[in-house]
1. Remind me, relative contact order of region 36-189 in percent, using alpha carbon pairs under 8 angstrom and six or more residues apart?
2. Using a 7 Å offset from the Cα along the Cα-to-Cβ direction at both Ile152 and Asp58, what is the distance between the two label points in nm, to one decimal?
3. Most exposed first by the Cβ proxy, i.e. fewest other Cβ within 10 Å, how do Ile30, Ile45 rank?
4. Could you please state, rounded to a whole Å, how far the C-alpha centre of region 39-56 is from the C-alpha centre of region 121-184?
Amino acid sequence: MQFQVSPLRLFAHRHDVTPAFHAASFALTILVAALLNLGWFALLIVLHMALDTVKYRDMHRLSWPKTACAVLRESLLDCTLLILAFDVEIYLRGASGIVALSALFRGERTLLEGLFIFLPKVAVLMRFTNVLSTLRSHLGVARLDHASPLSIVERVCLTSAAAGFLFFLLAPLSPELRGSFLAVVSNQLLPWRL
């Protein structure tokens, strides 16, 4: 008995080697990153961390502490990018009075938003879609070097995330940012607010 393969199933089998699929995927990623707020990307990171938790606990039988360490190390870059993008958003929105003074500052603000908010969204989304597109191999490959010393990139990410979290905690203490802090937090972290 021979089964006929549908065109959709055939595409699913060959999509990884199709350049048009990668171009469309990248364009869609750029569009989604421009439209969605940081709360959606926080959800993607949490979902990725949940997948990694299942991978290390169920498939590789690591203890909870080793699983937590491995999951945090795998998601460190994404978390750092999200924290820094969120800080830039808070401080740029809070400095809107200064930015409104001249067109030059408005141009710089747009450039900063593009570099420090939009690009981290694209990076997180690309990493997440890569995990989803290679889910079976991602779940099968364990990063078991969780006991090894932190690499330079991991140290930079950890230091940057800690500094970003400190800036987040200090933002409500600033008189210029106090009024806009809660508005920015609710606009950026609540996923249903696009």
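Bear in mind these aren't lab numbers, they're just calculated from the coordinates by the rules spelled out. Just so it is clear, the structure is predicted and the values come from calculations on it, not from any experiment. Methodologically, a virtual Cβ is constructed for each residue, glycine included, from the backbone with ideal geometry; neighbour enumeration extends over all protein chains shown.
1. Numbers: 133 pairs, mean separation 63.3, N = 154.
RCO, region 36-189: 41 percent.
2. Rounded to a tenth, the inter-label distance reads 3.9 nm.
3. Values: Ile30 15, Ile45 18.
With the fewest neighbours first, Ile30, Ile45 line up as Ile30, Ile45.
4. If we compute the Cα centre of each part, the gap is 12 Å.
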